[in-house]
Every structure is written in structure tokens, then in C-alpha cells.
There are 2 protein chains.
Amino acid sequence: MKTNKNTQRRQELVQIAARLFCDQGYETTTVRMLAEAMGIQSGSLFHHFKDKQEILFAVIDSGMQHAIAIAQRALQQAQTPQQKLFALAKAHLSTLLEDRDAHVVAIYEWRSLSVDSRARLVELRDAYEALWIEAMDEALAAQLITGDTALRRRLALGALNWTVQWYQPQGRLSPDDLAQALVAMVLNQTAVNQFY
Amino acid sequence: MKTNKNTQRRQELVQIAARLFCDQGYETTTVRMLAEAMGIQSGSLFHHFKDKQEILFAVIDSGMQHAIAIAQRALQQAQTPQQKLFALAKAHLSTLLEDRDAHVVAIYEWRSLSVDSRARLVELRDAYEALWIEAMDEALAAQLITGDTALRRRLALGALNWTVQWYQPQGRLSPDDLAQALVAMVLNQTAVNQFY
DNA sequence: GTCTATAACAAGATAGAC
DNA sequence: GTCTATCTTGTTATAGAC
């Protein structure tokens, strides 16, 4: 079983699968559709992936790895708790936008993963949320927020993830505006340009 | 085609379908599974519903009708803009909790609806959101909030809908606590017991 | 690494008896 | 309103040649 190699070809196929899964849903997308979009026959697909579910796993896994990397890089340039929360919100939004297919799939097709796959991805999700938990704790220590930081984090991540439902980056609201509004809401502040 | 009657039997079947669709997803749930849970044979199912998709529509339609009714009733006892927003948040949460199956299905299986079904349900969703828009506008007029009320509404509804992912009503956080925290966040206030 | 051909099975839906 | 029996189609996945 040499289907686990991270070849460039495989990454291309994963991108294509992400698009189809995002547009039509995992169950509705057949291996024949995937193969056609990839320019091969359906039988050839199973040279790259053990089964259909492994393609779904690869899509979500890749999206999450990417999200963690972007968030960590964004945090390196932030100093204060506000800056860190803003950096995380911005990073979250840009991953949702740049890697939208994979994240829509992660949100909607979680259930179709095998139990083992889910367990592996939960670890990644926990690693990602740990970045938020740390920033929220720092904000709490700096007395920028009070009370239940876990609740604030969940409300904030919920509001962020829900943006895939309505947010149009080409609209009047820039990703930065959106990130600022969110951080202001999380911090219970009304000022807007305090993050730089 | 007398499949459109709102018989009591049909309502029971819709409830059962909601549970299966919620637990396993629409596409993964077969008509045979549905029939078994309903205590009938798969052929008999098509006496009640034209096709599988009509069952999905009935589940989501019923959940949305219910949500609107609960929200309207909750608003009748509210006076101030704060009270109205709190009433809406509480109503939204109790619908999500009491009618959880249907709303999880509404969130996750929207894509599997026919174009016509979607259009009819969009009308219901708009009617529901109109209640929020009105309350937010009143909060704006009362200078409780400033800026982009549409953005605040979307962030709030996103945070609320995302609660299906993590909220456990039997945990330490009551639905009232959650609704209060949300309204406080929407209104950029830190005080907690100002709503009564 | 891709092809063709096909195995093996499950899906939604219908027909007609009761 | 429910049953049994079945049609028709589409699905994932495999085998073996190239």
C-alpha cells in the first residue's frame, strides 16, 4: 500500500477532490466524477488512494495542516494579546478564504470520515484550538476580558466558521474589517482601530 | 398525489426521519433504514412521501415553522431592544435544543434539497431573520450598538448556530447563561444581569 | 501510472395484491 | 395504508493487460 506518499500529483488530486466535495458534497460525488475531473479513469484513482474515504481524509487533513501553519506564522509577528487575537482571527479568515473548499468539506463532511480518521483529525483540531486558548488566557491575564474564556472562544470560532455561509470577500467588507469586528466583539470593545 | 397532507402520522414519520438524517446524514440514510425505523416496509414509505427528497424538505420545513412560531411568541413578552434580543437568542437556543435534529439537518443537508424546495425554505429563513433585523434596528435606534448591524447579526447567528457543535444543555452553562453571554457580546457590554 | 472490463452489491422507486 | 416482489440504475472497488 504505497498510497500514503505525499507526491505532488497526489496534492493536485486532493485539490480537485476538495472542489468537487465542496460543490456537491462527499456522498453525492462519485469516484467517476472525481476521476473525470482529474483527467483519468475511475479505476486509476485507486492507485493513488486506498478508497474513497481516504480522499476525504486527505482533503480535510491538508486543510487543517495548512490552517495551523498559517496561524502559527501569524502569531510570530504579534506581541500583545489583542494583536494575537487579531492575528488569529485574520489567519482563520484567510484560511477559510484561500482554502475554502477544504474547510467547507471539513465542516460539512466530518460525519463521513471513519472513526480512525476522525480521531487523527481531532488531534489537529485540538492543536489549532490550543493556539486560541493560549491567546485568550493571555487576554484574561491582561484583564482585557473577564469570565468564561472557553465560552468566548467557542462563540468566536462559531461566528468565524459560519462566515463561509455568507461572507463575500469581494464585497464592501474586507477580511481585515471582519477580523477587527470579531475581535472587538470577543473583547467587548467598540473601538475599531486599536490593533496596530 | 395526496402526499402533501399534514396528517399526524406524517408528522411522526417526519420526526423519525429527522433523527436518522441528523445522526447519519441524508445521503447515507437509505429509504430502507427510514422504513425500518418507522416500522413499515420501504415500499410503504412512498405512500406518504413522493420521494426521498420530500422527506428532507418536510423535516427542515417543520423545523423552521417551529422556530418562527417560538421566536414570535418570545417577542410578545419583550419590550426594550435588549429584552427583544435576549428573547430572540433564548428562543433560538431553545429551538436548537428542543428541535435539534431538524435544525442540524437544516444546517448540514441544505445542499441535498431541490432548487424549488430551497426557494420555498429561503422565504421562511428570510421571515425568521426579519425578526432579528427589526430587533437590531431598534437597538441601533436606541444607540445600544453602532456600526454595521447586519454584520453583528450574522456573527451572532453564526455563533448561535455553531452551538450545535459543542453545547451540552446539561452542562454547567444554562441556556439562559448562553443567551445572555451572546447578547452581551452582540451589544459589546460586559454586564450580565441587565436584561430583566 | 493508466487503461478496459467487470464483479458485487446497494440504491431509489414502482406495481399490483390485500 | 401496508405488503411483497422486482425493475432499473448507479455505486465502489478489483483484476489484469499495457
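Coordinate-derived values only; no laboratory data. All values reported here derive from a predicted model rather than from experimental measurement. Virtual Cβ from ideal backbone geometry, glycine too; neighbours counted across all protein chains shown.
Give the residue from B:Thr95, B:Val186, B:Tyr108 lying farthest towards the positive end of the charge dipole for the range B:53-186; charges sit on Cβ (+1 for Lys and Arg, -1 for Asp and Glu) and the dipole is referred to the Cα centre.
The one lying farthest along the dipole's positive direction is B:Val186.
What are the label-to-label distances in nm, one decimal and shortest first, from A:Arg120 to the same spot in the other copies, with labels 7 Å along Cα to Cβ?
So the label point of A:Arg120 gives 4.3 nm to the other copies.
Which distance in Å, rounded to a whole number, links the C-alpha centroids of the range B:1-67 and the range A:111-158?
36 Å
For a Förster distance of 41 Å, can you work out the FRET efficiency between the beta-carbons of B:Asp116 and A:Gln143, rounded to the nearest 0.05?
Computed FRET efficiency for B:Asp116 and A:Gln143 comes out at 0.15.
Let me check against my output: what whole-number percent is the relative contact order of chain A, with C-alpha pairs under 8 Å and at least 6 apart?
Contact order relative to length: 23 percent.
Hey, what D do you get for the range B:37-84 in µm²/s if you plug the Kirkwood alpha-carbon radius into Stokes-Einstein at 20 °C and 1.002 mPa s?
159 µm²/s
Please report the net charge: other residues with Cβ closer than 14 Å to the Cβ of A:Ile133, K and R +1, D and E -1.
Residues close to A:Ile133 contribute a combined charge of -1.
Could I have the simple spin-label model distance between A:Glu98 and A:Thr80, label points 7 Å from Cα toward Cβ, reported in nm to one decimal?
2.6 nm
Please report B:Arg73, A:Arg19 as a ranked list, fewest other C-beta atoms within 10 angstrom at the top and most at the bottom.
B:Arg73, A:Arg19
For the protein assembly as shown, what does -39500 (n - 2.57) per DSSP helix run (n ≥ 4), summed and divided by total residues, give at 222 nm, in deg cm²/dmol to the nearest 500?
One gets -23000 deg cm²/dmol as the mean residue ellipticity at 222 nm.
When the dipole is taken about the Cα centre of the range B:7-163, and only Lys, Arg (+1) and Asp, Glu (-1) are charged at their Cβ, what size is it in debye, to the nearest 20?
Taking the Cα centre of the range B:7-163 as origin, the dipole is about 120 debye.
Which of A:Met38, A:Met33 comes first, and how do the rest follow, when ranked by fewest Cβ neighbours within 10 Å?
Ascending Cβ contact count within 10 Å gives the list A:Met33, A:Met38.
If you rank A:Asp176, B:Asp101, A:Asp126 by fewest surrounding Cβ atoms within 10 Å, what's the result?
Ranking A:Asp176, B:Asp101, A:Asp126 by Cβ neighbours within 10 Å, fewest first, gives A:Asp126, A:Asp176, B:Asp101.
Could you pull the copy-to-copy label distances for B:Val164, with points set 7 Å along Cα to Cβ, in nm to one decimal and sorted shortest first?
The projected label point of B:Val164 is separated from its counterparts by 1.4 nm.
Using +1 at the C-beta of Lys and Arg and -1 at the C-beta of Asp and Glu, which of A:Leu131, A:Ile68, A:Phe86 has the Cα lying farthest in the positive direction of the dipole of the range A:52-186?
Farthest along the dipole direction, towards plus: A:Phe86.
Between B:Lys50 and A:Asp51, how many nm apart are label points set 7 Å from Cα along the C-beta direction?
3.6 nm
What shape does the protein assembly as shown have by the C-alpha gyration tensor, where a ≥ b ≥ c are the square roots of the eigenvalues, rounded means a/c under 1.5, and otherwise prolate means a/b greater than b/c and oblate the rest?
Oblate.
From the mean inverse distance of alpha carbon pairs (Kirkwood) and the Cα radius of gyration, derive Rg over Rh for the range A:22-103.
Using Cα coordinates only, the ratio equals 1.16.
When each copy gets a label point 7 Å from Cα toward the beta-carbon at A:Glu98, what are the spacings between them in nm, shortest first?
4.6
Can you give the translational diffusion coefficient of chain A in µm²/s, computed by Stokes-Einstein from the Kirkwood radius over Cα pairs at 10 °C and 1.306 mPa s?
Taking Rh from Cα pairs, D becomes 88 µm²/s.
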